[in-house]
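> One structure coming up, written as structure tokens, with questions to follow.
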Amino acid sequence: MGLFSRLPWKSQEELFLALDIGTEIVKALIFRVDHEARRGTVIGVGRARQKSGNMQSGAVSDIRGVIGSAREAIEIAKEKSGIKRIEKSIIGIAGELVKGTTTTVHYERVNSEIKIGMPELKMIIDKVQEKALERIKKQLIWETGQEIEIKLINAAIVDVRIDGYRILNPLNFQGREVSMSVFNAYAPLTHLGAIETISDELDLDLLSIVAEPYAVARSVEVEDMLDFSAIFIDIGGGTTDIAVVRNGGLEGTKMFALGGRAFTKRLAQEYQATFEAAEQMKIEYSNGRLKPEDMQRIGALYADDCRVWLAGVELSLVEFAETDFLPSKIFLCGGGSGLPGIKQALSVTEWSKGLPFAKPPQIGFLQPHDISRISDATGELNNPQDITPMGLAHLALLNALDEEPILTGILQRSMESIEKN
């Protein structure tokens, strides 16, 4: 599936659906792309709670159940926006087996005086993608003990250097040593097949399936991206997704199966309550609306859980710490980020001393207004749990405006060719 490879539109405005199929809640955004203003505006928001058993660790486990929840969220968004039919869609995917990593290949050219042409560039990219696919397959075999069929869902150039000089596009450059680093995100065919089935049942024109941490990391635009480095932590219902950006390039993503649902289950056990009652209690606790004695009791209870969660964050960041200092900015988002203990745990300096931070990390929250080119006309997007669907919308906007670099398309076609062979 080529990333937005079937987008022939010429009109000034287009309507899209961004669908975030979360473990706890399905979020649907209907947004309008204004080609002249080069911006997107959300005109309809729909949310629907998942039924127990629909999702497991961020992945679909009951297709029919997820279809029902997604349809409900989409219908709510349609009603609020006044739009009767929406077809073009971008859908996020998460889960422990969705992998994102950056692969680097160093290539020595035979004749440094000849300018790099398209055939040679494609050959270099093919080498990078073959190495990346082999690396991911080995990692999954090591983690699962079996060979899993996977497919590329997102690809982006992280860094290109010729004779040590960083450039954006190597076409027509001269030089001998070419170094190229590429970020690739892969997902198991089983997961992708479930998403495609859901899309078909909902009668959507599925333009792209996107790794959610990739969408979140791409959602922040600053004036000088080459100087931007940060760690993004998206805490959902079933998983925590981590993305590391260095010097404007997405270095990789990690996911582990611990999210807000685990905290809810802990409350259900402690108070002998139903999952629904415990979820409401967790929300009340996060907003500081419980009795003082309950606030204190839950705070002590969650302190242990936050330490376990923090250990998962540390383990995820170790791989990124092998070659360079870790970015000192950490941005939190997702529904689980609202738990007071999460930011408190990250703010304690002890955990970061074992990792190569140049200085103690600064913890902040991503807010909807940080997604600068996606505005909200509904007034319903107002906290960090809305970042993931807005990130999906932002990625759709970039592709609708044809702002993705030309190398991204070459990357995608290269992997499609490799997968066929």
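Residues are listed down the side, and each one gets a yes or a no for (1) surrounded by 19 or more Cβ atoms within 10 Å (Cβ to Cβ); (2) not hydrophobic (A, V, I, L, M, F, W, C):
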{"residue": "Phe325", "(1), (2)": "no, no"}
{"residue": "Gly334", "(1), (2)": "yes, yes"}
{"residue": "Leu346", "(1), (2)": "yes, no"}
{"residue": "Gly379", "(1), (2)": "no, yes"}
{"residue": "Asn383", "(1), (2)": "no, yes"}
{"residue": "Thr388", "(1), (2)": "yes, yes"}
{"residue": "Leu392", "(1), (2)": "yes, no"}
{"residue": "Leu395", "(1), (2)": "yes, no"}
{"residue": "Ala400", "(1), (2)": "yes, no"}
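> Does Val158 fit the bill of being touching a Gly at 6+ places or on another chain (Cβ under 9 Å) and among the hydrophobic types (A, V, I, L, M, F, W, C)?
Numbers: touching a Gly at 6+ places or on another chain (Cβ under 9 Å): yes; among the hydrophobic types (A, V, I, L, M, F, W, C): yes.
Here the answer is yes, as Val158 does meet what is asked.
> Look at Gly237 and say whether it is of a type in the set (Gly, Ala, Ser) and not in a strand (DSSP E or B).
It is true that Gly237 is of a type in the set (Gly, Ala, Ser) and not in a strand (DSSP E or B).
> Name every residue in region 147-168 that is in a loop (DSSP other than H, G, I, E, B) and either surrounded by 21 or more Cβ atoms within 10 Å (Cβ to Cβ) or modelled with pLDDT of 85 or more (or both), in order of residue number.
Result: Glu147, Ile148, Glu149, Asp163, Gly164.
> Search region 38-78 for residues being outside any strand (DSSP E or B) and out of contact with any strand residue (DSSP E or B) (no Cβ under 9 Å at 6 or more places or on another chain), and hand back the single one that is modelled with the lowest pLDDT.
Ser52
> For a quick check of your reading of the model, give me the residue pairs whose first member lies in region 248-265 and is closer than 16 Å to Gly341 by Cβ and touching a residue at least 24 places away in the same chain (Cβ under 8 Å), whose second is of a type in the set (A, V, I, L, M, F, W, C) and part of a strand (DSSP E or B), with beta-carbon atoms closer than 6 Å and at least 6 apart or on different chains.
Gly259/Ile235
> Now, a different point. Looking only at region 328-338, decide whether some residue is assigned to a loop (DSSP other than H, G, I, E, B), under 28 Å from Pro213 (Cβ atoms), in contact (Cβ under 8 Å) with a residue 24 or more places away in the chain and assigned by TED's automatic domain parsing to the domain that holds Trp351.
yes
> Then there is this: Could you check how many residues of region 169-200 are closer than 25 Å to Ala73 by Cβ and assigned to a helix (DSSP H, G or I)?
Here the count works out to 11.
The values are calculated or read from the model by the stated rules, or taken from the named source; none is laboratory data. The model shown is predicted, which means the values in this text are computed figures rather than measured ones. Because the Cβ atoms are built from the backbone with ideal geometry, glycine has one as well, and the counts that use them run over all protein chains shown.
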